[in-house]
1. What pairs come out if I take residues in the range 245-264 that are more than 15 Å from residue 204 (Cα to Cα) and pair them with residues that are part of a helix (DSSP H, G or I) and open to solvent by less than 10 Å² (accessible area, probe 1.4 Å) whose C-beta lies under 9 Å away, six or more apart or interchain?
2. Any idea which of 714, 738, 684 is among the small types (Gly, Ala, Ser), on the phi < 0 side of the Ramachandran plot and without any contact (Cβ under 8 Å) to a residue 12 or more places away in the chain?
3. Restricting attention to helices (runs of 4 or more DSSP H) lying wholly within the range 691-782, give those where 2 or more residues are closer than 23 Å to residue 909 by Cβ.
4. Evaluate the range 555-571: report whether one residue or more is part of a helix (DSSP H, G or I), in contact with a Phe, Trp or Tyr (Cβ under 9 Å, 6 or more places away or on another chain) and either open to solvent by less than 30 Å² (accessible area, probe 1.4 Å) or in contact (Cβ under 8 Å) with a residue 60 or more places away in the chain (or both).
5. If you take the residues in the range 290-300 that are open to solvent by 40 Å² or more (accessible area, probe 1.4 Å) and part of a strand (DSSP E or B), which one is nearest to residue 827 (Cα to Cα)?
6. Give the range 365-387 a look and list any residue that's open to solvent by less than 50 Å² (accessible area, probe 1.4 Å) and in a loop (DSSP other than H, G, I, E, B), or say none.
7. Which one of the conditions (1) buried (at least 19 other Cβ atoms within 10 Å of the Cβ); (2) within 26 Å of residue 88 (Cβ to Cβ) does residue 254 fail to meet, given that it meets all the rest?
8. Residue 764 fails exactly one of the following numbered conditions: (1) under 30 Å from residue 882 (Cβ atoms); (2) of a type outside the set (Ser, Thr, Tyr); (3) modelled with pLDDT under 90. What is the number of that condition?
Amino acid sequence: MYKRYTVIMLLTLIVLLSQPGWVYACGGKDVILSEDPALVVQNDRFDDQGNLLIQKSKANISPALAQAIVTGFLKKAMSDPPLPLTFRKLEKVHGKLIYQFQSQPLSDYNGKYHLGPVNFIVDRLVLDVDAATGNLYLANGCGAAPGQLLYKYNPSDFKAMTTSIQPTLISNNTNFIARRTGNSIKIDGRIGPEEWKNTGHKYFYLGTYKPHAPSQPHRKAYYYAEVWSQIDDGNIYFAVKTDTPYWVALMFKDEPNLGMLGSYRDAKVMKSNGEISDRYFTQRKDKSFYLAFDKKDHILSKGSYQGDFYTYEFAFPLKSNDPEDVAFEEGKAYNMLLLVGNTLDHYGIFTLNKAHANHDHSRNNKEHTDVWASNEETIRIGSPADRDIYGNPVRPVLASYVSGFDPAKDNNHFHYAGASIQDFNKRASKTRFISWLSVILSLFGAGIIMIRFRSSPPDRIKQAAGGRDLLKIKWFRRLVTYKYFRYIFIIPTLAVFLLIIYLGFFDIQDGRRNIATVFTWTLWWSLLIFSFIIAGRLWCMMCPFAALGDLSQKFISLNRKLPRRLQNMGFQTLAFVLLTWAFAITAFSSKPVITAVVIVSILIAAVIFSMIYQRRSFCRHICPIGAVIGIYSMVSPIELRAAKEDRCTAHGEKTCRDACPMLESPYQMDNNVYCNFCMKCQPACPSRNLSLRLRTFGKDIYDSLHKSCSEALASLFLLGVVIVETLAMTSSWRPLKATLGIWTGISSPALLYSIIFFFVVLLPVGIFYLICYILKLWLGKEQFRTQGLFTEFAFLFIPMGIALHLAHNIQHLFIEGPIVVPATVRFLQGIGIGTSLFLNWNPPPLLGLEPIFFIQMSIIVGGLGFTMFVMYRKLRRFRWPLKQAYKTVVVMSLYALIVVLTSIYMLGLPMSVRHVH
């Protein structure tokens, strides 16, 4: 008989180990076996601890025999039985009196149980022995009641059992005890070791654990938590430590038996923003479940902290007299459950498990919430269990108050919630609408240009300088010509960059916490693009690289001219492309030490070049961000120009040229590409013939006569860089790399990224050169050269490059920008400032994806309109026949439409928070 059921057990275990088991848990009642004769005529009597009293005679199977049945069966059924057993309890459930045992962890068992609209995984077998019949069941029934029959008791299998010593079985015998410790507790969320010593201490591991590096996210749901508890005369205290940034809840049941989730009516919810609230389990009208706020919050004190983990401390009364709260009594046991969501806020209790796909509560899961729960754990209040299953007094021996620790799952670490932002509905349809709108606007713009040309033919009259001269404002002129004007900006900027270098090397190597990376890539780089548009190359005036280069020249200066082949924008354009590529490959934004190395490398290069070559030759022709600054500065509404050209012509000694650190000639300058508004030319001009004027945005693009092919190439290479960086943030990036890998057989992610990167960077240049070649043929190949058309018209698309760059950076700024606050607070706390401020490493974004999307699209469409405007202004300067002007408008409008539709398509795809490489 035993062998027969051994086969059944083996088959059952095969099923269990291959697929999840499902437990639909209801409640049972703890039992004390009594010899009180009154129980013969009086049923449902309870003792002072709420245990059901049952006649001892109804337990035909002794504790020793029950334990032997389970132990012997596991030894027969499994080659490596998970022994020794742990006795859980004696209870009456669904009319059966059962002994319930729990095995040790099974390495290959990953049973997925279900107690409501949540998931929870156990790694132990729970086995029941019927105290009346001796039958052995797998506890997969309601309330862990006897479920699947594993072995039908046969007395002959136990004839050899001669021991008369009965084991002492104690129900709800746990070392997780909220006891009086006399500890002095400061509720600040920091969980001081002295505050929580000798307290109940329980480890929880939810979901599927797989070892991984701290920088890697969990591929499958997994959460770790520790819970401490203690009491004093009237209150109970809890401390929780976890790796998850998402909401966590402790739920309590007013007795210690297994039950459905709804029986855990009392809940305390913790959120990583510091909120800890008193809640209760309830159901909405749409049949979804959630933890609603209590009408009165009974949490007396609370604190949270984010250091190496998320930690919480809170206290509440043992008895609050609130019907939604559990009333805790010393000497009694209760059940507790740990719940963890996958969202920062609590939207409800849902599961994404497919078995619930057709349930009402799953259909209303709009935020894609997936909640995981721990095993139901017993917590005792005040003291250990003091009686066995016969009601005899006992004193359990507890080695410690710590339970549940698994050394195999000790690789836990802090996780961020950056990927939790949900996309918005109808992104694709809104993108299509904006695409058609852009097509209409481009056609309308091209038509307006043609109509304007017909009514007012083009001319070659160079526009006179206009706008107010800011240098005629006395206080402003005194300020910018002040001897130490530049140092007002240089000194703090240099100090910040030196600090960034130091912290990059010596502070924590966590890109979200170290201000070296946060300030450099999230704040400075995102905001720098805005400064170009407003103030041109003003950043270069205060640049710390240039400042240290200037300083080095005071000690060593060979004062050589830069080789002629480098006196263009070619080298720095290539350097910017390579720097952007390296940024993606090595993930500068998440690695403070690499950030510091890059900054130091540029700094060393600036110093060396400054000692060898004239003035700021490095800034003008070598600096890797010089190209993007110079090209984008052409749209700035500020210009430094000669007030009267004839006065400069009459002045033979060009003192302003000699004073300019950027090797410019202010007297004949007609664009902002190299001017950094340092104002050194102002005091050098004896006739005060230089003006600083406000002007139309983008005037340099259509009015400047000094343009080079390298600058034209730079403008299109910059467009290609921002296209590929934006594409890398979209949902199409991974499929694109996967497809390329299949076609080429390349498996290296870095190589695949590099191929796509350089191809896309070259694409705008190649397409525009083809466009110019077609235009040359259409206009007349004898009259025009492709290179000439390329150089002349490439600048028209600077507004579109800036627009896409702005749209790209706005997402970083609005979503990732708030991390600047906790990173700065952390730094200040490190030097003793603001130590009481709360750090939230998962700050909410400044805007959601939908408003960001509309801002981005507005910028892109605005960039298209700006391009059409500068095209019109530029073509008015040419004395071309109307037919040639019309052809040019058509071809350039076509290229503009290609760029804008590409930009809209990319921004219309679901976006990730940070580049995906």
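1. Here the result reads 257/143; 257/144; 258/143; 258/144; 259/143; 260/143, each pair linking the range 245-264 to a residue that is part of a helix (DSSP H, G or I) and open to solvent by less than 10 Å² (accessible area, probe 1.4 Å).
2. Testing whether each residue is among the small types (Gly, Ala, Ser), on the phi < 0 side of the Ramachandran plot and without any contact (Cβ under 8 Å) to a residue 12 or more places away in the chain leaves just 738.
3. Hits in the range 691-782: 709-727, 733-744, 749-779.
4. Within the range 555-571 (the criterion being part of a helix (DSSP H, G or I), in contact with a Phe, Trp or Tyr (Cβ under 9 Å, 6 or more places away or on another chain) and either open to solvent by less than 30 Å² (accessible area, probe 1.4 Å) or in contact (Cβ under 8 Å) with a residue 60 or more places away in the chain (or both)), the answer is no, since none of the residues qualifies.
5. 293
6. Correct list: 365, 369, 370, 371, 374, 375, 376, 382, 383, 384, 385.
7. Unmet for residue 254, out of (1) buried (at least 19 other Cβ atoms within 10 Å of the Cβ); (2) within 26 Å of residue 88 (Cβ to Cβ): (1).
8. (3)
The values are calculated or read from the model by the stated rules, or taken from the named source; none is laboratory data. Please read all numbers here as calculations on a predicted model, not as lab measurements. Cβ: placed from backbone, ideal geometry, glycine included. Neighbour counts: every protein chain shown. Just the protein is used for accessible areas: all its heavy atoms, side chains included, with ligands, DNA and RNA removed. Shrake-Rupley method; radii C 1.70, N 1.55, O 1.52, S 1.80 Å.
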